[in-house]
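One structure below.
Please treat every number below as a calculation from the coordinates, not as lab data. Only a predicted model underlies this, so the values are computations on that prediction, with no experimental measurement involved. Positions of Cβ are backbone-derived with ideal geometry, glycine not excepted, and every protein chain shown enters the neighbour counts.
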Amino acid sequence: RRDLVNAVALNAAGQNSTRVVGPSLAGVLIGIIGVSGTFGVAAAMQILALVWTAKLPKMASDVAARTTSLRRNLAEGIRAVTQDDFLKGLILLATIVTVLIMPYINLMPVFARDEMGLGATGLGILMACTGLGSVVGALAVARWRRLGFLPGIQIWSAAAFAGLVLVFSLTSSLLPAAALLFVAGVVSAVYMAINQTVLQLRVDDAVRGRVLSIYLLTWGMLPLGQLPLGAIADRVGAPIATAGACVAAVVLIGFVTLRYPSLRN
């Protein structure tokens, strides 16, 4: 538990570093083996990661393993969340961020081409700035562990993330947009690393996996934001659609904060 903040943050840094290296490496591979071959390499890397993960040593647990049904496991996780207002607030914050803020990434090609007049290189720069910011944010959490225990840090980082994406959506120049995306990446990484850490520290060992699985379900809600945001962007443009989603996110974050005051502590 003492090293959980560092572990979550370093894991996030490793994941986000691929968002910096990946686009550059993909560009080289496309030039050598084409798009299909590049997707094949990506699939092979996923298989390799699965093999390496399977080889990790099993850790001893102080909690006796229980063989129960999937439905019962899910019910126990839901019960643990619904009985704790703090956990409910964390899950709702994660849902808001995933559904209303994160879909901006899928509209990045539209911003690059239609709003900034950029090509593939410009788009790569924007994506790399987002990934680089995420790496810096995750490393900052690992370096300054006390950052994760500042009062209300989840609320402020989520709201700041929404505000930065809102300003980015109204920007039409590469350099300001890249700077905003870098800072947004920092803030989003801080928010996500701290959210995962606090959630795991909050629950007992016996139900941690069940509660964490419910939290991870919020990541699967991303298409619930991508589809309507894309449809709205087709009608009114990507900037207005993204800005509107971010405003809605800030309003809902405020509502959750008022409804679950324990998040501010």
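List the equivalent ellipsoid semi-axes of the range 95-171 in whole Å, largest first, each obtained as the square root of 5λ for an eigenvalue λ of the Cα gyration tensor.
Values: eigenvalues 146, 48, 16 Å².
Computed over the range 95-171, the values are 27, 15, 9 Å.
Taking only complete DSSP H runs, can you tell me which helices of the chain stretch 27 Å or more along their own long axis by Cα positions and average at least 1.6 on the Kyte-Doolittle scale? Taking the DSSP H segments of the chain (at least 27 Å long, mean hydropathy at least 1.6), we get 238-259.
Which of 136, 41, 251 moves most in a GNM of the chain, Cα contacts under 10 Å? The residue with the greatest mean-square fluctuation here is 41.
Note on the chain: with a GNM built from Cα contacts shorter than 10 Å, the maximum mean-square fluctuation among 56, 92, 217 falls on 56.
Regarding the chain, what's the average projected area of the Cα-atom convex hull, expressed in nm²?
Numbers: hull surface 62.5 nm².
For the Cα atoms of the chain, the hull's average projected area reads 15.6 nm².
Taking 176, 239, 103 as the candidate residues, the one with maximal mean-square fluctuation in a Gaussian network model of the chain, Cα springs under 10 Å, is 176. Quick note on the range 121-265: its Rg to Rh ratio, both from C-alpha atoms and Rh being the Kirkwood radius, is 0.99.
For the range 148-233, the Kirkwood estimate of hydrodynamic radius, built from reciprocal distances between every pair of different alpha carbons, is 14.9 Å.
Taking the charge dipole of the chain about its Cα centre, with +1 at Lys and Arg Cβ atoms and -1 at Asp and Glu Cβ atoms, the residue from 245, 82, 37 reaching farthest to the positive side is 82.
So for 252, 216, fewest C-beta neighbours within 10 Å to most, what's the order? Provide the component values of the computation, followed by the final result.
Details: 252 19, 216 11.
Neighbour counts put them in this order, fewest first: 216, 252.
Neighbour counts of other C-beta atoms within 10 Å: give me 156, 219 arranged from fewest to most. Ascending Cβ contact count within 10 Å gives the list 219, 156.
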